[in-house]
Every structure is written in structure tokens, then in C-alpha cells.
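Novice: To start, I am sharing the structure in question, which I have written as C-alpha cells.
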Amino acid sequence: MEPPESITLDAAEKIILRWDSTASEETRDRLIFEGDRREVDQYLQAVDEIQRSMSAATISDGDCKVNSTIQIAMARLEDEFRSILISNTSPLETDSLIDSSFSTHSSLITEHSGEFEEYPEDERVLGQVGESPKAGESSSRASASYRSTNSIRELDLIPAEAIDDLRCIAERMISAGYLRECVQVYGSVRKSAVDSSFRRLGVENLSIGDIQRREWDVLEVKIRRWIRAAKVCVRILFASEKRLCEQIFKGLDTAIDDACFIETVKGPAIQLFKFAEAISISRRTPEKLFKMLDLHDALLDLLPDIDAVFESELSESIRIQAAEILSRLAEAARGILSEFENAVLSEPSKVPVPGGTIHPLTRYVMNYINLISDYKQTLIELIVSKPSTGSRYSGDQTMPDMDFAEFEGRTPLALHLIWIIVILQFNVEGKSKCYRDNALAHLFIMNNVHYIVQKAKGSEELREIIGDDYLKKLTWKYQQAATSYQRATWVRVLYCLRDEGLHVSGSFSSGVSKSALRERFKAFNAMFEEVHRTQAMWHVPDSQLREELRISITEKLLPAYRSFLGRFRSHIESGRHPENYIKYSADDLETAVLDFFEGYPVSQHLRRRSQ
């Protein structure tokens, strides 16, 4: 297109004055850039002519008319600049940027009767930029390349034609000394758009105090939303705003594009990171660990992009704030883990769980460290020192022993998890002393250590961290507890089936005291019935362990009972009322053992086979 013909200063002034918005209602309601492009070019040429004349000093310093004309022109261009921005500004369609079908390994943790409830926690956020596939590139490949927020993806926020007009206006306003007015108009319009996108993404404007006063279960949901929103904000929203500033302002004045960008996003960015900051300095309690780690991982993942988007000197404070929050989240995670260890050691409950079953503390702790192992990669980097096994505990609390030399070469994280298991066992052993029945105390230890082993074996990550050697040590421990239970219960039962004390020396009879034999059968019956009645209410929740224990009992009890019957049945049956002494067959006892460890009461009388 040919360049427009030059115009005189007088003609330029007339054009400017004709579009004076204060001169008439008609010009106030009309916009130059919404009309004929020839009028746009003519107006810009008029502005250029006046600025050229002023810079060339062809007019006298006292020519107030020309100064007034340039002011009128700048007011008009400011209005036009604002109008173009507003008409081409709309908030991001955030629903199209988010795919809620994806969830990570993270879990929302709540304690309920000693158990954890797990909920899907995080969504993948997808960004969709307004760019077409390149020539020769399939649409599916193009879609895969931009439907992601794993890296910065810039949207075209304003059409190219409007950007050209905005740049033309900005160039003239800045050269006329109206930089501040231009930046203010731009910032006010674009901040409004960013604020609207924030609201759609669920980013609330809360103070740190407001955030810390919220219940944790409410904050868990907000953390999930924050992670999702932060990815969109940094990699799409802020990055796109930065690109728009560069498209309009870059090269027009020193760092004006950075100034406009910071004017637009500094407030929203501070608001965004204020939430993560409030979480990082909140009170440290065990249930907060996993959300802290989710925030840490999300921010760590975003940090390179934060550095790239906020790379200028003007935005240094935002980079520093993000890095400091990341550091505080890491410190909070380390502190929570130490607090958790202390809480496990000192958990005070002394009421024995019915039936010697798994203690709620054991379930809680093992579910907790299973989830810790899901964050292995993060925690291996964060946990750099081994646990303190005594210095941070005060009072007269006895400490368990842990020989760190036994675990030489393990990561500090592995040492912390093993230490948690050590102090959990220590606490369980202390709780076992609350049982009056020594056999039940051993059963309680067996159940709980077995649960620890099974939970560790059930998690590939946790098993790898702890190591098979330590699991073998734990397995031996619950097997020893099972052996101790059997000794405490069945040695005294089987003692009734001994021969000692039944034979009468020098008697003309068969050499067996029938009265002693009857008392022996009565003692066995009474003792077995009592064991049956009480231990049916004891509980071994693991079906395989329960079956193994029953088999072990029957393998000791039944051969001894059959042998005793074989040797002495005839002596009882030859007397009166033998059924009062030989009350049960071996099969009756075998059936009765099946009632053991079910956790519910049984009939006072054993089931007897017909004689």
C-alpha cells in the first residue's frame, strides 16, 4: 500500500480537533478504530505530524494551541486504546483447560477408627493454545503437543489485527510522554481479565490468617484446586499475558513490556502464592504431610517455568517468594515426619483392644508409612539426616534400641521408616502389658507385627525401602510371639496328658490309679473348655495366620490326646459313668479348635460327636 500523502500542521490540528470527544456528542460516541481504516491512518498521520513538529522545534514554546491539540489527541488515543483492549479481552475458558479424569497417587488422608480413607486427589491440567497444526503435521500430533501444562504454552489472547492497532497507539502515547497513562490503562483492563480467570479457576483472595483458620479437610480440597490452578496460571495465563505485553510494547521503551506485565499480574501472582505460603507455615500435624508434599512437588515442577515467566529484574520478588515457599514446604515436611515419630513413640492409650487384635495405632502408622513410600523420590531428596533416637525426647520415656550400623548404606529416608516401625513395635510391646493373660499379650504382639510385615510386603516401594533382611527379622519376631502364645496356653493343657502321677507302685491293680486318672481327665476337660471359651473371643484377623495357628495347635494337641486316650481309655470305661470323664473325642477337639480366634463368643459347651 502506498504511504499516505503528507499533511500540513494546520490540517493535522483540524483532524485532531474534529475527533475531540469533548467537542460534540457524536464524536464522543464514535470510535476511530471501529470505523474506516482510512480515517484511522489519517488520524495517526495527524498525530505523527504534530509530534514531528514539536520535536523539530518548528513551533514556539508558547504555542498553547499545539500543546492543547496533542493533549486532545492523547486523550482520544487513550480512549481508543482502552476500547480496543476491552472489546478484545475475555477471561480464559478454564473449563476447556482442565481434564478432571486424571488423578495422581496422592491421597486425601483422614483418620477414622484408626484407618485411613483415601480419595483421588489431584487432576491433570491441560492447556489448549490457539495455534494451528503446522504444515505436514497430523492433527492428532498437534493436539498432543499443545494439550499439556507440563511446559509453558502461550495463548493468543488478542487477535493480531487488534495487537497491531494497540502497538500503533502505544508507540505514539509513549513518544508523546504518556507512558504512565498507557501502562495504567493497559494494566487496569488486563488485570480485570486475569482476576476473572482467577475466579473461574477457584483461586480465592484470602489472607494468610483466613487460610490458617480454615479446617484442614476444607483446605485439602483447596490445595487440590490450587495445584490445578497454579499450573494453568503460570504456564498459560501468566505466560500468555507476558507474550501479549511483548507483542504490544517490546522495543517501544526500556523494559516497558516488563513494566506492563508486572502491573498486570503481580497482584494475582502474589495472591496465588500466598495460599501456598500460608500452608507452608501452618501448624505441623501428621495428616498434613501428604498435602504438603503435593504442594512441594507441584511448586518444584513449576519453579523453572516461574523463573522463565518472571525472569526480569522487576519480577525478582515473585521468583524469590516461590523459592522461599518451596524451601518452607520442604522444612515443614521434615518437621512433620519428626513430629510423627514422636507421636508414635508417645501415643498414650492403655486400654487393651478386645481379643488381642490389631491396634488402631498399628493400622494408622502402617497406612501412613505406606503413603510415605509413595513419595519416595521426593522424600529421598528432602530427608538428608538420620532420625534422632533420643535427643529430642524428654522426660523419663524409655527409648527403643536401633543399631544404625545394621543398616549401613541405607538412605536417611529408609532409616526414618525403619525407625518408625521400631518405635511402633516398642509401643505395641508396652500396650501388650495391659493384658492380664500372658498368652493374649503374646497373641496381640503376633497380630500387630504380622500386620506390619504384611503391609510392608504389600507395597513394592515400602518393601524396597525397608529391605528383605529387615522383613525377615520382623517375620521371626511374630513367629516367636506365636510360639510364646502356644507355650503360655498349651503347655499347661498338655501337662494334663502326662503319665506322671497316674501309676501306683506295688498295687494289685493294673498299676494305674483310677481316681488320679479321673481327676486328670476332669482337669483336661475343664482347662480345654476354658481355653475354648476365652480364645474363641480372641481375634486373629488374618485368615492365613489364623489357619496356620490352628494347624499348629492341632498338630500338638491331637496326637497327645489320642495317645493319652489309647493308653487309659479302658481304665475309665471299665468304671461308672465314663462319659463324665472322657467327654470328647479327638475329632471333637479338632472341631473345637476351628472356633478359636474368630473374635466372637461360643456356646459354653463344646460340640460333641455321638458316641
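Novice: Excluding residues fewer than 8 places away in the same chain, name every one of the lysines whose C-alpha is closer than 19 Å to that of K472.
Specialist: K455, K457
Novice: Rounded to the nearest 10 Å², what accessible area does S175 show when all protein chains are kept and the probe is 1.4 Å?
Specialist: S175 exposes around 80 Å² with every protein chain in place.
Novice: Provide T534, T411 ordered by accessible surface of protein heavy atoms (probe 1.4 Å), highest first.
Specialist: Putting T534, T411 in descending order of accessible area: T411, T534.
Novice: Taking K514 as the anchor, which lysines have their alpha carbon closer than 18 Å to its alpha carbon, excluding any fewer than eight residues away along the same chain?
Specialist: The reachable lysines, counting only those whose Cα sits under 18 Å from K514, are K522, K583.
Novice: Peptides 439-449, 162-172: what's the order by average Cβ count within 10 Å, highest mean first?
Specialist: By packing density, highest mean first, the sequence is 439-449, 162-172.
Novice: Here's something else I'd like to know. Using θ = phi - 60° and the Karplus curve 6.51 cos²θ - 1.76 cosθ + 1.60, what whole-Hz ³J(HN,Hα) does each residue of the stretch 169-180 get, with Gly and Pro shown as x?
Specialist: 5, 4, 4, 6, 5, 5, 5, 8, x, 10, 4, 4
Novice: Straight-line reach only, C-alpha to C-alpha below 29 angstrom: list the lysines that K242 could link to, leaving out same-chain residues fewer than 8 apart.
Specialist: Partners found: K134, K191, K222, K231, K250, K266, K274.
Novice: Taking the mean number of other Cβ atoms within 10 Å as a proxy for protection, how do you rank 47-53, 361-367, 298-304 from highest to lowest?
Specialist: Ranking, from highest mean packing down: 361-367, 47-53, 298-304.
Novice: Describe numerically, in nm with one decimal, the distance between label points set 7 Å from Cα along Cα→Cβ at A11 and at R37.
Specialist: Going from the A11 label point to the R37 one covers 2.1 nm.
Novice: With labels modelled as points extended 7 Å from the Cα through the Cβ direction, what inter-label distance (nm, one decimal) is found for R492 paired with Q271?
Specialist: 7.3
Novice: Further question: Tell me which residues come under 5 Å, amide H to amide H, from V512 once H is placed; ignore anything under 5 positions away on its chain.
Specialist: It is V504, by chain and number.
Novice: Going from most exposed to least, what order do I320, I248 have by accessible area with a 1.4 Å probe?
Specialist: From most exposed to least exposed: I320, I248.
Novice: Working out 0.36 nm times the residue gap between D588 and A255, then minus their Cα-Cα distance, what length gain in nm do you get to one decimal?
Specialist: 110.6 nm
Novice: Would you kindly find the accessible area of M54, with a 1.4 Å probe and non-protein molecules such as ligands, DNA and RNA excluded, rounding to the nearest 10 Å²?
Specialist: That residue has around 70 Å² of solvent-accessible surface.
Novice: A further question on this structure: How far apart, in nm, are the 7 Å Cα→Cβ label points at W216 and S388?
Specialist: That separation, rounded to one decimal, is 2.2 nm.
Novice: With the contact rule set at Cα under 8 Å and sequence spacing of 6 or more, what percent relative contact order holds for the stretch 222-341?
Specialist: RCO, the stretch 222-341: 32 percent.
Novice: Among C434, C245, what's the order by accessible area (1.4 angstrom probe), most exposed first?
Specialist: C434, C245
The values are calculated or read from the model by the stated rules, or taken from the named source; none is laboratory data. Nothing here was measured: the structure is a model prediction, and the numbers come from that model. When we count neighbours, we look across all protein chains shown, and the Cβ atoms used for this are built from the backbone with ideal geometry, even at glycine. Calculation scope for accessible area: heavy atoms of the full protein, side chains included, ligands and nucleic acids excluded. Shrake-Rupley method; radii C 1.70, N 1.55, O 1.52, S 1.80 Å.
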